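We did not get these values from a lab; they are worked out from the coordinates using the rules stated. Everything quoted here is computed from the prediction, not taken from an experiment. Don't worry about glycine lacking a Cβ; one is built from the backbone with ideal geometry, like all the others, and counts go over all protein chains shown.
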Amino acid sequence: MPLPADQTALDLLDAYLEALWDGTDLPLSPGPVRLAAEGGGEPVHWALDQLRRIPREPKDAFARQVGGLLAEFRYRRCPWNAAALRLLNDTYTFAATGPRRYEDWAHDVRAVLHRSVPDPRGWVRLDWDRTNAARHTVPAYPFDPPDTSELPGRLYRLEAEAAVAALAIMAEEWQSEPAPVRSRPDRDAVLADARTLLDRYGPTARYWTNATTAASDPAPDFLAAGLQGTESHGFLTSEYHNGLDLLEDLGLIAVTDDEVGVFWSFGAY
């Protein structure tokens, strides 16, 4: 099924800005950008106007400013993007959604972890390691996903409200967190953003986590425990890259008939 013209325009401009942010030397008005300008609405025209105002030299300053523009463009694109950026953009996390193509959704989860499928709606993907050179040797870095047959055995079912709390505490740091979500003055706003993200998957979504506390209780109190008090079955590689040891992680998977959402928090030192 073809995408609506406005979504196509948004996707084209998003990809173009991301390429500029990565340092690709592209002309200001290539064919895809002209198509985006013709088919896009207010966010597209606003972003293109802002882009024209950014000096292209020096290149490192240009890339930084384009990165800021891309973040703001994604924020304006839809409320889901805005919630994802508010909640998770300041911590080492991974957030991505892919299509559900298999009865055994473990195949779909692995595809998301390997970045081999796009978001079906073109919404934001948060991925600190998207361009990390470590992926040349560990393609799913920082993940080392178990085989499809083994993946469900490392996960436990969660009730919907527990899934909201698990996602909310991914806004915390693993070490030396000065303000756990449970004690923040904006606690309700953090939970609201987490709920917005999971509302995408609808009321029939099923949730899974690698947190071992869910082995005996599908509704553990993640807020009370916080990240520092949460243990899990690790999904991370043991490979040492870029001076980082990957030691802790917490994952949440949402499964529907059409999509799989993957949210992960990492402790790295």
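Quick notes on this structure:
- When the chain is treated as a GNM with alpha-carbon contacts under 10 Å, the residue of 218, 99, 58 showing the greatest mean-square fluctuation is 58.
- FRET E, pair residue 212, residue 130, Förster distance 22 Å, beta-carbon r, rounded to 0.05: 0.15
- Under-5 Å amide H pairs with residue 249, H placed in peptide plane, nonlocal only: 267
- Spread of Cα-to-Cα distances over 5 Å intervals beginning at zero, given as percent, for segment 45-100: 4, 16, 21, 20, 17, 14, 6, 2, 0
- For residue 183 and residue 242, the difference between the fully extended length at 0.36 nm per residue and the C-alpha to C-alpha distance is 17.9 nm.
- With Cα atoms, 0 to 90° folded angle of helix 79-88 axis to the chain main axis: 60
- In percent, rounded to a whole number, the relative contact order of segment 186-269 is 30, using alpha-carbon pairs under 8 Å and six or more apart.
- Amide proton proximity set for residue 259, modelled H, under 5 Å, gap of 5+: 100
- In order along segment 219-228, the phi-based Karplus estimate (6.51 cos²θ - 1.76 cosθ + 1.60, θ = phi - 60°) of 3J(HN,Hα) comes to 9, x, 8, 5, 4, 5, 6, x, 4, 5 Hz; Gly and Pro are listed as x.
- Gyration tensor (alpha-carbon) shape descriptor, segment 152-269, a/c threshold 1.5: oblate
- Scalar couplings 3J(HN,Hα) for segment 256-269, obtained by applying the Karplus form with A = 6.51, B = -1.76, C = 1.60 to θ = phi - 60°, are 10, 5, 10, 9, 10, x, 10, 10, 9, 10, 10, x, 10, 9 Hz; x denotes Gly and Pro.
- Degrees, to the nearest 10: 42-52 long Cα axis against longest axis of the chain: 60
- Dipole of the chain, positive end: most advanced residue of 242, 99, 213 [Cβ charges, Cα centre]: 99
- Mean Cβ neighbour count within 10 Å, used as a protection proxy, ranking 129-137, 114-122 highest first: 114-122, 129-137
- Inverse mean reciprocal Cα-Cα distance (Kirkwood Rh) of the chain, Å: 19.6
- Nearest 10 degrees, 0 to 90: helix 59-77 Cα axis against the chain principal axis: 70
- Highest-fluctuation residue, 222, 62, 235 considered, GNM on the chain with Cα pairs under 10 Å: 62
- Simple spin-label estimate for residue 221 and residue 62 gives 5.5 nm between the two label positions (7 Å along the Cα-to-Cβ direction from each Cα).
- Under the combined filter of DSSP loop state and at most 13 neighbouring Cβ atoms within 10 Å, segment 60-155 retains these GluC sites (Glu not before Pro): 103, 150.
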